[in-house]
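A.B. asks: The structure's right below; bear with me while I get my questions together.
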Amino acid sequence: MPQIPRDERKTVDADVGIIGAGPAGLMLAHLLRRSGLRVVAIDHRGAEEIHRTHRAGILEHESVRMLAEPDLGSRVLTDGHLHDGIDLRFGRRSHRIDFQELVGESVWLYPQNEVFWDLARAAEHHRMDVRYGVADASAFDVATDHPGIRFTDSDGSAREIRCRYVVGADGSKSATRGLIPREIRRDYFAEYPFAWFGILAETPPSAPELIYAQSPRGFALISQRSDTVQRLYFQCDPATDPADWSQDQIWEELQARIDGPDGMTLRRGPIIESTVLKFRSFVCDPMRYHRLYLAGDAAHTVPPTGAKGLNLALADVRVLAPALIRAVRDGDETLLGEYSETALSRVWKAQNFSYWMTTMLHTAPGETEFATARRLGELRAVTESPHGRAYLAEQYTGWPFHPTVS
Ligand code: PHB
């Protein structure tokens, strides 16, 4: 990606300095740019590296609305795929959840790395100050009215951003989160005794919609990336080494988890990537400390079941941006004062949804026969009732935004 011409001064003045130029940091930067705020965003990773990071691929309708703006390229509308429902597969057959019929909404399949790419390209187009490949980034004086960020630029020179507000959008291993003192910060964790074995395969989709499959061998998810690439996952032990699995074994395992009398068959093809994804739920409360605000994975992570991670990050910045704009323009911090509570109220709904989908569909190691039979009862209770299906559909497609946000 071509470099933006650099300001040679060692100190850069900005209204908002953002640590982390992934989807959360970049979307925030765009929202602030539209209102004329001066923004600098930095990331220790290179743009190509972020672009290669494969994450979930489902966007809620509100996320799509944010990305579909013409100044961001609107590629989601041309290259994304609209999905009106999903299949929950258990008892060896599929049970469709029809989002459109149930709640009048849909989701879009559009991978997170493409979201990042669109935002990064638009940042370049609008000549925004986004710096990749920086080192030693750290925020300072966040409890004063003049905070800042120090870092080493990719050319090795020491830099400082002097700003009015600092945003930590620096991912699940966030260093900025550590600036919120332990006495006022509460960290919530949940661990899960399983992981996902995820693959990318060069084959057209096996099914028109996503399939979330529960089977005696454990969970599997049949997803997609494009007309020529599939994304599939199966539940595995967290200690699994992908190198121990041959391509045939992977396909056999996936097929075994979706087998049924309807003859559903996966389209097999070369596996071009395989990884093991660990499961974790995490929430940091509060998401602010004086002039420091956290957004996205820096403040919360969810297990991948239900694909809420990116959607939550975009929801955070959608609340944070108008609050920062009002504070910078009018000196009014009322909305900023509400940010953490507003964002966390959605975060906990998403935590609940991700936990619910995960525990309903996965087999815990050593699970009792009672527990398995109960989960099947839960799946039937959800799929056999229009209220149950609507409950799932409403959460999967995403909640409307907080009423104070336009
Ligand atoms: C994906 O396509 O990577 C994906 C989709 C839905 C999920 C999780 C992951 O719930």
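A.B. asks: For Glu253, work out the one condition from (1) part of a helix (DSSP H, G or I); (2) within 30 Å of Arg164 (Cα to Cα); (3) not basic (Lys, Arg) it doesn't fulfil.
C.D. replies: Going through (1) part of a helix (DSSP H, G or I); (2) within 30 Å of Arg164 (Cα to Cα); (3) not basic (Lys, Arg) one by one, Glu253 breaks only (2).
A.B. asks: Can you tell me which residue within region 215-226, out of those that are within 25 Å of Arg375 (Cα to Cα) and in a loop (DSSP other than H, G, I, E, B), is nearest to the ligand (Cβ to nearest atom)? First the steps, then the outcome.
C.D. replies: Step one: list which residues in region 215-226 are within 25 Å of Arg375 (Cα to Cα), which gives 215-223.
Now restrict to residues that are in a loop (DSSP other than H, G, I, E, B): 215-219.
Values: Ser215: 17, Pro216: 21, Arg217: 19, Gly218: 15, Phe219: 11 Å.
Checking each candidate, the answer is Phe219.
A.B. asks: Oh, and also: Residues that are farther than 30 Å from Asp237 by Cα, at least 3 per element: which helices (runs of 4 or more DSSP H) completely within region 328-406 meet that? Spell out how you get there, then give the answer.
C.D. replies: Working: elements: 334-361, 369-383, 386-397.
Once the helices (runs of 4 or more DSSP H) in region 328-406 are filtered for at least 3 residues that are farther than 30 Å from Asp237 by Cα, what remains is 334-361, 386-397.
A.B. asks: Could you please find all residues in region 35-57 being open to solvent by 10 Å² or more (accessible area, probe 1.4 Å) and in contact with a Ser or Thr (Cβ under 9 Å, 6 or more places away or on another chain)?
C.D. replies: The answer is Arg45, Gly46, His54, Ala56.
A.B. asks: Output the residues belonging to region 227-239 that are more than 11 Å from the ligand (Cβ to nearest atom) and either of a type in the set (Lys, Arg) or open to solvent by 30 Å² or more (accessible area, probe 1.4 Å) (or both).
C.D. replies: The answer is Asp227, Thr228, Asp237, Pro238, Ala239.
A.B. asks: Filter region 103-123 for residues that are buried (at least 21 other Cβ atoms within 10 Å of the Cβ) and within 30 Å of Pro386 (Cβ to Cβ) and give the result.
C.D. replies: If the condition is that a residue be buried (at least 21 other Cβ atoms within 10 Å of the Cβ) and within 30 Å of Pro386 (Cβ to Cβ), then Val107, Leu109, Tyr110 are the ones that fit.
A.B. asks: Right, here's the next one. Please state which one of Val382, Val302, Val317 is among the β-branched types (Val, Ile, Thr), under 30 Å from Gly17 (Cβ atoms) and open to solvent by less than 20 Å² (accessible area, probe 1.4 Å).
C.D. replies: Val317
A.B. asks: Hey, among the residues in region 159-192 that are in a strand (DSSP E or B) and open to solvent by 70 Å² or more (accessible area, probe 1.4 Å), which one's modelled with the lowest pLDDT?
C.D. replies: Only one residue tops the list, namely Glu191.
A.B. asks: Within region 249-262, is there a residue that is surrounded by fewer than 19 Cβ atoms within 10 Å (Cβ to Cβ), closer than 25 Å to Gly309 by Cα and away from the ligand (no atom under 16 Å from the Cβ)?
C.D. replies: No: region 249-262 contains no residue that is surrounded by fewer than 19 Cβ atoms within 10 Å (Cβ to Cβ), closer than 25 Å to Gly309 by Cα and away from the ligand (no atom under 16 Å from the Cβ).
A.B. asks: Which one of Pro216, Pro204 is open to solvent by 20 Å² or more (accessible area, probe 1.4 Å), at pLDDT 95 or above and in contact with a helix residue (DSSP H, G or I) (Cβ under 9 Å, 6 or more places away or on another chain)?
C.D. replies: None of the others qualify; the one that does is Pro216.
A.B. asks: I've got another one for you. Determine the pairs where a residue that is touching a residue at least 60 places away in the same chain (Cβ under 8 Å), located within region 217-232, has a partner that is open to solvent by less than 10 Å² (accessible area, probe 1.4 Å) and of a type in the set (D, E, K, R) with Cβ atoms under 6 Å apart, the partner being 6 or more residues away or on another chain.
C.D. replies: These pairs meet every condition: Ser223/Arg231; Arg225/Arg231.
A.B. asks: Across region 33-60, which residue is nearest to the ligand (Cβ to nearest atom) among those that are in contact with a helix residue (DSSP H, G or I) (Cβ under 6 Å, 6 or more places away or on another chain) and either assigned to a helix (DSSP H, G or I) or modelled with pLDDT of 95 or more (or both)?
C.D. replies: In this case the residue turns out to be Glu60.
A.B. asks: May I pose another question? Hey, among Glu341, Glu333, Glu273, which residue is surrounded by fewer than 21 Cβ atoms within 10 Å (Cβ to Cβ), closer than 22 Å to Met66 by Cα, among the charged types (D, E, K, R) and out of contact with any Cys (no Cβ under 6 Å at 6 or more places or on another chain)?
C.D. replies: Glu341
A.B. asks: Among the aliphatic types (A, V, I, L, M) and closer than 18 Å to Pro322 by Cα: which single residue out of Ala29, Ala47, Ala56 fits that description? Walk me through it before giving the result.
C.D. replies: Details: Ala47 fails: closer than 18 Å to Pro322 by Cα; Ala56 fails: closer than 18 Å to Pro322 by Cα.
Going through Ala29, Ala47, Ala56 in turn, the sole match is Ala29.
A.B. asks: Is there a residue in region 263-285 that is under 30 Å from Gly168 (Cβ atoms), in a loop (DSSP other than H, G, I, E, B) and either within 15 Å of the ligand (Cβ to nearest atom) or in contact (Cβ under 8 Å) with a residue 60 or more places away in the chain (or both)?
C.D. replies: So far as region 263-285 goes, no, none of its residues is under 30 Å from Gly168 (Cβ atoms), in a loop (DSSP other than H, G, I, E, B) and either within 15 Å of the ligand (Cβ to nearest atom) or in contact (Cβ under 8 Å) with a residue 60 or more places away in the chain (or both).
The values are calculated or read from the model by the stated rules, or taken from the named source; none is laboratory data. Because the structure is predicted, anything quoted here is derived from the model rather than measured. Virtual Cβ from ideal backbone geometry, glycine too; neighbours counted across all protein chains shown. The protein model used for the area step is the full one, side chains on, heavy atoms only, and it has no ligands, DNA or RNA in it. Shrake-Rupley method; radii C 1.70, N 1.55, O 1.52, S 1.80 Å.
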